[in-house]
Amino acid sequence: MHFTKEEKSILITILAAALLGIIINVFTAYKTGLKVNKPDGGPVLISINSAAAEELEELPGIGAVTAQRIVKYREVNGKFKDIGGLKEVKGITQKKFDKLRQYITL
Amino acid sequence: MNRPVFFLAVALAAGIAAAQITGVHYIAALILLTAGAAAHFAFGKKTDKTIFLVFFLLGGLLYSFQNTYISVNSIRSFDIKGIKSVKVIVGDDPEQSGSKIYFYGRLLSVYTAAGESTGVTGKIRVTLEKTIAPPPKYGDILIVKGKLREPEPPKNPGEFDYKKYLAFKQVYFTLYARDTAVEKQGQSIGNYFKYFSYKCKEKLLSIIYTSLPDAEARVLDGLMLGNQRAIPDDVYDEFKITGTVHILAVSGMNVGMIALFAFFFLKLAGVNRKIAAAATMVLVVSFMVITGAGGSIVRSTLMSCMVLLAVILERDVDAFNSISVAAFAILFFNPSELYDVGFVMSFCAAFGIIYSLEWVNKSLPKIHPWIKEPLATTVAAQLFLTPVMADTFHQVSIIAVLANLAIVPLSGTISIIGYAMWLTGVFFMRAAGVFGAAAWALIKVMLLITHLAAQAPYAAISVKTLPVLFTLIYYIFFITLPHGDIDLKIKNMSLKSAAGIILAFWAVFHIVVPSNPALTCPAFRGLNAAFIQAPGNKKILVIKGADIKPGTAVRSSMVPFLRSLGINNIDSLVLYTIPAKESIPLFMNFRVKHVYCDAQSKTGFSGEETINGSSYYKEGNDAFMDLSPDMAEITVKEADFVFVNYPETGLLSRQGAVIYLPQSGSNMAGVLSKKNRVIINSLNNGFFRKPPAIAGENIFDTGRTGQYKMEL
């Protein structure tokens, strides 16, 4: 397969970035440090299908117990098909869901 | 190669400009176009001139129809004072910034005391409190209680004209509502392509914000999706000062990279070249939708689509024809776009590159291609962009060429890593984190370079509004410059060289020569201010904070105001009851020699002798400060007013000419005017609910009459 000069640049960049990313993740204390409710706003979306319990605890109204229930729900029932599915988890009422829905995504 | 579209696009643009200048009514424009078309066909000879005339008149008609035709059902036909609430469809992906949510709402009906009026047409700009749950999404039908208001025109020179900006989008009213005033009625997805695109945007955003720390994620959000609101103000200002802010606006580079990236991966996947081109077209159009379809991104999307279409149709592509088609299409469907700054800058930069890149490349010295190519591209773009930027932002970045040389390739690399992050994040989030870490590192480097470059002395200089004649000669000069055969000689002197020398001296003179001494009291929300350009070119700025929270008035209003006056240095800055962090934009954008502030204002400064290299601060007494900056005695009292005693003018006597900077609710202008000459700005309606009573000739209102000229 013949690559143009630009395509070769893209390939080299991606490979170099992957290597750099692995080195940073393995050898440094790098963390994404996701935070909710930043005072100056900006979109903060936690994935309810992939976030760990610790991340889910950052959502308003979600404590350690509810966070564990969400993780358990995923293990038993598979991924959520839409964000409304979160209401199926025990402890998440409609009122609670309305408060945190702006911070979540699939 | 034949390029007829270029002339048609120019004719259309000229017609639009003529209609805007003359304010011709659409019926008159229609009559003129009919006459022009009849003349074109009646004479039988279809020459370029009559075709040019027809498209010129067509441009005039399109613009005048867009701006002078008001249908019976248009919201502009209604008496908005009687409207208590409105029913709207959320017409785009709502933006969030600070504690607010913003979107454009398409009107369905309005509610007055008489009941509901359906069938109302038009768009409004809606602002909601961020606490509203659930937050509005594209297609939501909402009933919003609140008053429609006309946006206010700018009150100060250099201030962003929000009213005009909205008018170019055919939006003439705004509405602000609290969360309790909003009720969702349902949903109506008019455009499923848009709906799907916004859903994809949500996923892309979640990948960015879960793969990087928040600070760097915001920069990447701005870089890849053009969300400038996400970027901290001081970071954004540094990009502006270094002339690299264009990387934070989605443009041709983003679209080109997406197209290249998509094409490459589809090729790797073994997809047929033509099918890959078609799929890439869908992708770039979707990208245009999710980034808000501004003038710049529409231009580059259309040009990219033509390149991809050329692949499908197996035709050659011509950049000149592509940009002409893009300009024609945009102006045909939205003539007001001609006056959108984003559109103008985008086309100037693209045209500059297409037209003069080859000539710039030949003119540059022999250096390594890795440096020469990006340098030539930057210079070619800046040549045609500089006058527009100078007139719009009143700022020219001296360091732009060097800064772009470092930042642009870096931002391109970060974008490629970002696309890889998106691609992997769709299938496997953890893999996205690997690319996220790499992007994080490079963003850190990019921010460091920008920060260091922004610290350079006079990295950006302020420029007063350029004379029209200068701008005309400038563009004629650079359009004819690449053509060595186009030149006139007068007694062995090349007219082109003479024009170049005149332009250079004129530009320096325009920037360096100070304005006449004058005093201005600009009107800013939450601030009282007086700016004195004293004889000897000394500049004194007094800012007094007030009961109203200043917000970002210093950054968004005062800095552009000072830049529009061509100010680069402030000799004395007086801060009175204003939080220190509010004044930081002044130190970022200007060289401040002396700072005087009270205890409240100095909170946040470390108390060192120097601020920003060459400044120092000196604390005054809370209630009373006697200051003697170089040319004027300024006395600030705890009460409502500032005295400026300027000994050397006849008009401001030692008895005290008063620059009146009021507290909220107070109005002592009338009382003071009995014994003093009082200078105010009654347009500052945060403090003056109605203009103060005029007492003889003693009150000078800079809001009505402009600057107060100080005569020696």
Heads up, I need the accessible area for B:Trp359: 1.4 angstrom probe, whole protein in place, Å², nearest 10. 70 Å²
Delta accessible area of at least 20 Å² on complex formation, residues of region B:209-229, 1.4 Å probe, chain isolated as reference: B:Tyr209, B:Thr210, B:Pro213, B:Asp214, B:Arg218
Residues from region B:253-289 losing no less than 30 square angstrom of accessible surface in the full protein assembly compared with the chain alone, 1.4 angstrom probe, ligands and nucleic acids excluded, are B:Leu260, B:Phe264, B:Lys267, B:Leu268
Please work out the Cα convex hull volume for region B:465-512 and give it in Å³ per residue. 72 Å³
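Would you tally the net charge around B:Thr280, using a Cβ to Cβ cut-off of less than 13 Å, leaving B:Thr280 out, and scoring K and R as +1, D and E as -1? It would help to have the intermediate numbers written out before the result.
On the way: positive: B:Lys267, B:Arg273, B:Lys274; negative: none.
Result for the local shell: +3.
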Give me the percent of the accessible area of region B:195-455 that comes from carbon and sulfur atoms, probe 1.4 Å, all protein chains in place. 70 percent
Probe 1.4 Å, all chains present, heavy atoms only: B:Glu116 accessible area in Å², nearest 10, is 90 Å²
Anything losing 50 Å² or more of accessible area from the isolated chain to the full protein assembly: pick those residues out of region B:407-430, probe 1.4 Å, ligands and DNA/RNA ignored. B:Ile416
Quick one: putting +1 on the C-beta of Lys and Arg, -1 on the C-beta of Asp and Glu, what dipole do you get for region B:286-438 around its Cα centre, in Debye to the nearest 20? 400 debye
Please list B:Arg591, B:Arg299 from largest to smallest accessible area, probe radius 1.4 Å, with all protein chains kept in place. B:Arg591, B:Arg299
Name the residues whose placed amide hydrogens come within less than 5 Å of the amide hydrogen of B:Val574, ignoring near sequence neighbours (fewer than 5 apart) on the same chain. B:Leu541, B:Val542, B:Ile543, B:Tyr596
Whole-number accessible area per residue in Å² for region A:46-105, which is evaluated in the context of all protein chains at 1.4 Å: 54 Å²
Size of the A/B contact, given as accessible area buried on both chains, probe 1.4 Å, in Å²: 3200 Å²
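Using the crude model of +1 on Lys and Arg Cβ and -1 on Asp and Glu Cβ, and no other charge, please compute the dipole size for region B:75-190 relative to its Cα centre, in debye to 20.
Details: 19 positive and 13 negative charges, 40 e Å.
Dipole of region B:75-190, to the nearest 20 debye: 200 debye.
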Centre separation in Å (Cα based) which lies between region B:31-89 and region B:211-245: 40 Å
With all protein chains present, calculate the accessible area of B:Glu373 using a 1.4 Å probe and round the result to the nearest 10 Å². 100 Å²
By what distance, in whole Å, do the Cα atoms of region B:4-68 stretch along each of the three principal axes, largest value first? 33, 24, 14
5 Å is the cut-off here: which amide hydrogens, built 1.01 Å from N in the peptide plane, fall below it relative to B:Ser682, excluding neighbours closer than 5 in sequence? B:Thr702, B:Gly703, B:Arg704
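The values are calculated or read from the model by the stated rules, or taken from the named source; none is laboratory data. Given the structure is predicted, the values throughout are model-derived calculations rather than measurements. Don't worry about glycine lacking a Cβ; one is built from the backbone with ideal geometry, like all the others, and counts go over all protein chains shown. We work out accessible area using only protein heavy atoms, side chains counted, and drop any ligands, DNA or RNA first. Shrake-Rupley method; radii C 1.70, N 1.55, O 1.52, S 1.80 Å.
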